[in-house]
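Computed from the coordinates by the stated procedures, all read-outs in this text should not be read as laboratory data. Not measured: the values here are computed from a predicted model. Neighbour counts are summed over all protein chains in view; Cβ atoms, including those assigned to glycine, are modelled from backbone coordinates with ideal geometry.
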Amino acid sequence: MKPLNPLRLMLIGVILAVAGWSATVVTSRYGMATPVLPVTALATMGVIVAITLILGIRIVRWRNSNKANSNKKKTELDPLLAARTLVLAQACAYAGTVLLGWHVGIFLDQLRIWSLRSNQGITWLALAMAGGGLVMIVVGLVVERFCRIPPEDGETNSADGKPGRAVRGEAPGEGEYAYRGD
């Protein structure tokens, strides 16, 4: 599995910011409701972030316990758990990017009519959703980092001779995850 590319996440965020802004302009022009998620979506985002963090902490504990017990028998990590944690972390980052981009676009559109509105609830809600998306991105990137296996001493990568493990199907220099996609 390839690591997340921050530039790709930024590009997706910018595209969705434009889409969110455009959708808000169109819906306000036709007198429709602003396309912002309800407040209950923040609770859902919180649950997703909590589950992702809990699973990521399990991976870090496994990695750190194996580092501390390098001379003893290493404990096994369920490879399916590691793979699912990595996929969940990346999905969390992508979902956060979508939510952040969309709601930043809505927020920017709402700012131009801020002084004309008597009720700025939609504006604050869009800002809260964008903040929730940002938290999802950060947690996704952090947990993805948790899933990386640090290079071990003495092992060399066959491609470039540098310390670390060789990973099939990835370019030299890319990190290896706790999950091996063999």
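How would VAL139, VAL87, VAL98, VAL39 line up from fewest to most surrounding beta-carbon atoms within 10 angstrom? Could you put the intermediate results ahead of the total?
Details: VAL139 22, VAL87 14, VAL98 19, VAL39 11.
Lowest count first: VAL39, VAL87, VAL98, VAL139.
Can you put TRP62, TRP102, TRP124 in order, fewest other beta carbons within 10 Å first?
TRP124, TRP62, TRP102
Tell me which residues come under 5 Å, amide H to amide H, from ILE149 once H is placed; ignore anything under 5 positions away on its chain.
Under 5 Å from the amide H of ILE149 lie the amide H atoms of GLU176, TYR177, ALA178, each far enough along the sequence or on another chain.
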